[in-house]
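**Q** Quick one: structure below, then a few questions.
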Amino acid sequence: MHSALQRALPFALLILAAVLILMSASCSGEQESPGERSLAVWSEFLADDDVRAAFPLLVEERSDLYLAIPAARIGDPDLELLLRDAHDAGVGVRAWLLLDREDGYWPNEHNVDIMRQATMAFADWRDQAALPVDWIIFDMEMSLERSEAVAAKIKADGSVAGLTMVKEGRDPETFVRSKEAFRQLVVDLQARGLKVMAVTYPLILDDPEDGDEDISDEFDVPIFDIPWNQVSFMVYQSMIFDLLGEWQGPDVVKSYADTAVELFDDRAAIALGIVGSAGITEVAMPYPDAETLLADHAAARGSSVGSISIYSLDGLLQQSMPETWIDRDVPPTHPVDVTAEYVRNLVRGLLD
């Protein structure tokens, strides 16, 4: 009996070691497959070669890439090569489809037909070329033209005037029609084997409270009751600063993240920004340092959202040590609410 125990001991130790290794890998995120990782960065303006040069950073940080793909580049052989190179390097890519500026740039209630054309063309290209892309991203925002007009209004006349201008965008009939069109488009893309992620304003999270979708309508973005595989909310401190004139603490990120999880469960995600000066619209104050971004990252993790993304790779590469701005393993925090509810109630009161 003693001899049998001696023979069994090494095998038991081997099994225990294997279990510990698997647990360690799972905790560190190494078991997440490319495209499904809980950390990602956005890339909007970088040239293909600059994106390709960042692959080692993304691999080291175990980060996915949410890559801007203008509609005009669907079918581009250079882009196809970049997508294959990313896959070979171990970088998961989600296709962030963007429309021409004259078509609104971002999908919204006024251009759903154009978005259908672009997304179906991408799905056809993906199938024909066997592209290693499983996700498509709908960046649900007001048209670029309208966004710029609102930003100019805020700069000239203040936040109340800007938000009043947003309220003027309410168009219930168009909103309802487009919501059904987006729902059907998402279902059709999922039938093609694609997963669909929406990313939009955090202010939308306060919409269901009074039983209507007025805020969503004002911003032209149907979100609720559409079967997105994931929904991410842009809690961009830089944009909140532009709106309110004050930088907010991590409790604002945590507050929106908590609501996102409450409404969307494991489909909820958070996007943080803005790092650096890259962006289609200028902000007065990007993240001042890596520590401030990491504090917000930790607060988002405290809400157990499915993934956290950072806008953007473009801005990260402007930093002397971009790797210090990314830490997928930052410990989650639970910051005390200092101003979050005040901020949300103020904006909600002006919009709804």
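The values are calculated or read from the model by the stated rules, or taken from the named source; none is laboratory data. Values in this document were obtained by computation on a predicted structure and should not be read as measured data. As a convention, Cβ positions derive from the backbone with ideal geometry for all residues, glycine included, and neighbour counts pool all protein chains shown.
**Q** Limited to region 197-218, what total is found for residues that are buried (at least 21 other Cβ atoms within 10 Å of the Cβ) and in contact with a Ser or Thr (Cβ under 8 Å, 6 or more places away or on another chain)?
**A** Within region 197-218, residues that are buried (at least 21 other Cβ atoms within 10 Å of the Cβ) and in contact with a Ser or Thr (Cβ under 8 Å, 6 or more places away or on another chain) number 7.
**Q** If you don't mind, there's one more thing I want to ask. Enumerate the helices (runs of 4 or more DSSP H) found wholly within region 123-210, keeping only those where 3 or more residues are of a type outside the set (Asp, Glu), over 18 Å from the mean Cα position of the chain (by Cα) and more than 25 Å from residue 264 (Cα to Cα).
**A** 144-157, 159-167
**Q** Please specify each residue of region 334-345 satisfying the condition of being of a type in the set (A, V, I, L, M, F, W, C) and more than 16 Å from residue 237 (Cβ to Cβ).
**A** Matches in region 334-345: 336 only.
**Q** A further question on this structure: Residues being touching a residue at least 40 places away in the same chain (Cβ under 8 Å) and over 16 Å from residue 295 (Cα atoms): count how many of those fall in region 259-283.
**A** 13
**Q** Identify the single condition in (1) out of contact with any strand residue (DSSP E or B) (no Cβ under 8 Å at 6 or more places or on another chain); (2) at pLDDT 95 or above that residue 133 does not satisfy, given that it satisfies every other one.
**A** Unmet condition: (1).
**Q** So which of 188, 127, 171 ends up being closer than 20 Å to residue 68 by Cα and out of contact with any Cys (no Cβ under 8 Å at 6 or more places or on another chain)?
**A** Only one candidate qualifies: 127.
**Q** Could you tell me how many of the residues in region 306-344 are surrounded by fewer than 24 Cβ atoms within 10 Å (Cβ to Cβ) and in a loop (DSSP other than H, G, I, E, B)?
**A** Final tally of qualifying residues: 20.
**Q** Quick one: count up the residues across region 14-55 that are modelled with pLDDT of 95 or more and surrounded by 11 or more Cβ atoms within 10 Å (Cβ to Cβ).
**A** 18
**Q** Going by the structure shown, is residue 295 touching a Gly at 6+ places or on another chain (Cβ under 9 Å), at pLDDT 95 or above, assigned to a helix (DSSP H, G or I) and closer than 16 Å to residue 331 by Cα?
**A** So residue 295 passes the test.
**Q** Taking region 52-94, which residues are in a strand (DSSP E or B) and of a type in the set (A, V, I, L, M, F, W, C)?
**A** Matches in region 52-94: 65, 67, 68, 69, 93.
**Q** Sticking with this one: Do any residues in region 151-167 that are closer than 14 Å to residue 219 by Cβ have Cβ atoms under 6 Å from those of residues that are of a type in the set (D, E, K, R), where the two are at least six apart or on different chains, and which pairs are they?
**A** That search, which allows pairs on different chains as well, returns 162/153; 165/153; 166/218; 167/218.
**Q** So, one more: Are any of the residues in region 218-240 among the polar types (S, T, N, Q), outside any loop (DSSP other than H, G, I, E, B), at pLDDT 95 or above and under 18 Å from residue 340 (Cα atoms)?
**A** Within region 218-240, one or more residues are among the polar types (S, T, N, Q), outside any loop (DSSP other than H, G, I, E, B), at pLDDT 95 or above and under 18 Å from residue 340 (Cα atoms).
**Q** Among the residues of region 248-270, write down those that are outside any helix (DSSP H, G or I) and buried (at least 24 other Cβ atoms within 10 Å of the Cβ).
**A** 268, 269, 270
**Q** What do you reckon, is residue 173 modelled with pLDDT under 95 and surrounded by fewer than 16 Cβ atoms within 10 Å (Cβ to Cβ)?
**A** Judged against the criteria, residue 173 is not a match.
**Q** Could you tell me whether residue 323 is out of contact with any Leu (no Cβ under 8 Å at 6 or more places or on another chain), of a type in the set (D, E, K, R) and over 18 Å from residue 96 (Cα atoms)?
**A** So residue 323 fails the test.
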